Each structure stands twice: as structure tokens, then as C-alpha cells.
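Novice: Right, I'll just put the structure down here and ask away after.
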Amino acid sequence: MRIGIYTGTFDPPTMGHLYILKKALKICDHLIVAISTNLQKESIFSPEEKVDMMKKIAPGVEVALCPGLIVDFAKEKGASFLIRGLRSFSDFEFELQMNAANLQLGGIETVFLMASADHAQISSSLIREISHFKGSIKGLVPDEIEPIIRKKFT
Ligand code: COA
């Protein structure tokens with residue numbers, strides 16, 4: 001059974017993440033979304049809020065918190081590979097480094113899925129910035145979580 005783990009900070013999830021998630025479902029027998037931690041970033045949304053948003057946009061998909069290293073989480077879950085989205089060339093260098101580290105630490109491969117052109121410019125920080133200044137994020141995040149994000153910034 002091919003178990004894939006889609007890892008990220010998802011602060012908050014966007015249409016771009018949802019697009020990758022849907023593609024990932026086609027190549028895995030079982031997909032787990034891992035809400036993980038990037039020490040370089042301070043999240044606005046709590047881990048519980050992220051889980052709740054993910055469950056709303058991807059009903060039926062397993063969503064779990066990964067408080068530590070993704071390789072340990074992957075081992076615990078018996079995962080076959082990690083999944084990451086690539087939006088542009090600028091994502092590549094960071095992903096190359098993560099891929100090498102995860103291979104060395106846990107011998108786990110990463111499968112990269114390309115973002116669609118429509119979503120290539122979306123990022124979670126863009127969503128946070130627009131929301132902070134009370135702009136519209138319609139179409140940039142799934143409809144199910146748009147009110148939750150808006151409320152967070154009021
Ligand atoms: N659509 C929209 N946005 C996307 C995207 C897509 N398809 N793919 C990436 N992004 C954006 C995110 O919105 C985020 O934007 P932001 O920087 O403006 O917030 C950015 O790209 C990257 O975020 P994300 O993909 O969530 O990853 P991350 O860089 O925050 O975290 C890891 C990556 C690998 C650190 C983390 O997921 C992880 O695995 N942590 C566990 C600890 C660990 O094992 N670290 C590695 C040690 S070797």
C-alpha cells in the first residue's frame with residue numbers, strides 16, 4: 001500500500017495546497033496531511049485551527065499533527081513517500097535541501113507535484129497579508145474556510 005504524506009505548515013491552507021492535495025490523492029492508496037512545524041516561521045493559526053480547516057476542505061482525508069521531524073512521523077505511519085508542491089524555480093533550492101535531508105535522516109523519498117499556473121503566485125503569507133488589510137481572499141482559499149480566515153483577522 002502506497003502511503004503518501006503531504007507535509008507543510010498550512011498557515012492557512014490555500015487553493016494551491018488543495019490542488020496539490022487532490023493530485024496527491026491520485027498517486028497514493030492512502031494520503032495523510034501532516035501539519036508540521038517550520039522553526040523559521042511563527043504561525044498565526046493554532047495547530048488545532050489548521051487541522052479543523054484541513055478537515056473542512058478535504059473531508060475523508062487523514063489529517064494529523066507532526067510536532068517533530070517529518071522523517072520520524074513518516075516512519076511511524078509506515079509512509080512510502082513525502083509529497084511537496086513546487087510553484088516556481090524559487091521553491092526548488094529549499095526543496096532540494098529538504099529532499100536531501102529527509103533522505104539522509106530517514107531514507108524517505110519526496111515526490112514533487114507541480115502547482116497549476118493559476119495558483120503559482122498564491123502563498124499563505126499573501127493570504128495573511130491580504131486578510132490583515134481586510135482585502136478579499138475569495139478564490140484564493142477554499143470557500144469552506146474563507147469565513148474562518150476572515151474572522152481570525154477581525
Ligand atoms: N500552493 C500555495 N502555496 C504553497 C504551495 C502551493 N501548492 N506550496 C507551497 N506553498 C507556500 C506555502 O503557502 C508557504 O507560504 P509562506 O511561506 O508564505 O507561508 C510556503 O510555500 C512554504 O510552506 P509549506 O509548503 O507549508 O512548507 P514550509 O516551508 O513552511 O515547511 C517543512 C516545510 C519541510 C519544514 C515542514 O513542512 C516540515 O516537514 N516540518 C517538520 C520538521 C522537519 O522535518 N523539517 C525538515 C528537517 S530536514
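The values are calculated or read from the model by the stated rules, or taken from the named source; none is laboratory data. Since we're looking at a predicted model, the values are computed, not measured. Reconstructed Cβ throughout: ideal geometry from the backbone, glycine too, with neighbour counts over all protein chains shown. Just so you know, the surface numbers come from the protein's heavy atoms only, side chains and all, with ligands and any DNA or RNA stripped out. Shrake-Rupley method; radii C 1.70, N 1.55, O 1.52, S 1.80 Å.
Novice: In region 21-63, what residues are within 12 Å of the ligand (Cβ to nearest atom) and assigned to a strand (DSSP E or B)?
Specialist: V33, A34, I35, S36
Novice: Scanning for something open to solvent by 20 Å² or more (accessible area, probe 1.4 Å), farther than 23 Å from S123 by Cβ and of a type in the set (A, V, I, L, M), does region 47-65 turn up at least one residue?
Specialist: Checking region 47-65: not a single residue is open to solvent by 20 Å² or more (accessible area, probe 1.4 Å), farther than 23 Å from S123 by Cβ and of a type in the set (A, V, I, L, M).
Novice: Which one of the conditions (1) free of Cβ contacts under 8 Å to residues at least 24 places away in the same chain; (2) of a type in the set (K, R); (3) surrounded by 15 or more Cβ atoms within 10 Å (Cβ to Cβ) does K134 fail to meet, given that it meets all the rest?
Specialist: With (1) free of Cβ contacts under 8 Å to residues at least 24 places away in the same chain; (2) of a type in the set (K, R); (3) surrounded by 15 or more Cβ atoms within 10 Å (Cβ to Cβ) applied to K134, the lone miss is (3).
Novice: Out of the residues in region 1-18 that are touching a Gly at 6+ places or on another chain (Cβ under 8 Å) and part of a helix (DSSP H, G or I), which is farthest from the ligand (Cβ to nearest atom)?
Specialist: The qualifying residue farthest from the ligand (Cβ to nearest atom) is M15.
A quick yes/no check of all residues on (1) within 26 Å of L126 (Cβ to Cβ); (2) open to solvent by 70 Å² or more (accessible area, probe 1.4 Å); (3) not hydrophobic (A, V, I, L, M, F, W, C):
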{"site": "G8", "(1), (2), (3)": "yes, no, yes"}
{"site": "D11", "(1), (2), (3)": "yes, no, yes"}
{"site": "Y19", "(1), (2), (3)": "yes, yes, yes"}
{"site": "S36", "(1), (2), (3)": "yes, no, yes"}
{"site": "L82", "(1), (2), (3)": "yes, no, no"}
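Novice: OK, next. Among F153, F89, F73, which is within 25 Å of L39 (Cα to Cα), away from the ligand (no atom under 12 Å from the Cβ) and open to solvent by less than 50 Å² (accessible area, probe 1.4 Å)?
Specialist: F153
Novice: Condition first: at pLDDT 95 or above, more than 19 Å from the chain's Cα centre (by Cα) and β-branched (V, I, T). Now tell me which residues in region 99-154 satisfy that.
Specialist: I130
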